[in-house]
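The values are calculated or read from the model by the stated rules, or taken from the named source; none is laboratory data. Since this is a predicted model, take the numbers as computed values, not measurements. Please note: Cβ atoms are built from the backbone with ideal geometry, for glycine as well, and neighbour counts cover all protein chains shown. Accessible surface areas use protein heavy atoms only, side chains included; no ligands, DNA or RNA. Shrake-Rupley method; radii C 1.70, N 1.55, O 1.52, S 1.80 Å.
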Amino acid sequence: LHTRTTYHKIGNMLEKYNEKGQENQTLRRYYDGVSSTALWAVKSMGIDPMRGDEVFQRKDGSYTYAWDAKEEVIVGDSNPDIEGNFGSTVRYKGFSLGINFRYRYGGQAFMSALFNKVEGLGDGDLQYNQDKRALYDRWKEPGDNAKFRAISTTADTPMSSRFVADNNVFSGESISVGYESQGKWLKSVGASSLTVRAYMNDIFRISTVKNERGIDYPFARSVSMSLGLRF
């Protein structure tokens, strides 16, 4: 599956939505001739090892420590280049094996857990238990090559490309193993056939973006079995 959508001839009708999106720190914008799923943010060059501040790149290619919403550019697209699923079923002498995979390639995702739980912490949050990366992966002293600003920084974290990553996924959506018998021995119990089957859903997931679901919405891997007798 491959899709692309763009907006055309909307002028400034949705400019208020863009302003609201900047205020709420979302990445979706609405402009003529641009993909409707494009992700907009100021381009980040990372954390300055000497100062611990984030370095931004302006549209003209120059660098600055000052974040400016006017310097937003497209930093990705939430829609993948291709996605779909494929699978196969094999049967042999009563045994069967069915496997289905799902894939997604291209497209980017906003890493909200890193933005909200590792760096975007308010002063009141620091007295409570936090993600350990908020301590170990943040800038501490000159020379540190860190992914995140110093934990002592009190300024709000601005929206930038630093929190956008490629979102490629390959997962085992379902696997089933079964056996069906119509052996003569079943007649002794008055049955004509026996079917045993095991099902495994979401048994594995390989992704370029770590899924941080937490305890409220965990990633569930389920295994179940069924036994059937036909009389």
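Only residues that are in a loop (DSSP other than H, G, I, E, B) and open to solvent by less than 20 Å² (accessible area, probe 1.4 Å) were counted in segment 37-79, giving 1. Just for segment 23-36: of the residues that are open to solvent by 60 Å² or more (accessible area, probe 1.4 Å) and outside any loop (DSSP other than H, G, I, E, B), which one is modelled with the highest pLDDT? Selected residue: Arg28. For segment 82-94, a tally of residues being more than 22 Å from Asp202 (Cβ to Cβ) and open to solvent by 60 Å² or more (accessible area, probe 1.4 Å) returns 3.
Only strands (runs of 3 or more DSSP E) whose full extent lies in segment 120-231 are considered here, and the ones with at least 2 residues that are modelled with pLDDT under 90 are 169-181, 193-207, 222-230. Of all residues in segment 112-139, those that are over 20 Å from Asp53 (Cα atoms) have Cβ atoms under 7 Å from Cβ atoms of residues that are modelled with pLDDT of 75 or more and open to solvent by less than 60 Å² (accessible area, probe 1.4 Å), 6 or more apart or on another chain, in Asp131/Val118. Within segment 100-117, being assigned to a strand (DSSP E or B), over 13 Å from Ser207 (Cβ atoms) and open to solvent by 50 Å² or more (accessible area, probe 1.4 Å) holds for Asn100, Phe110.
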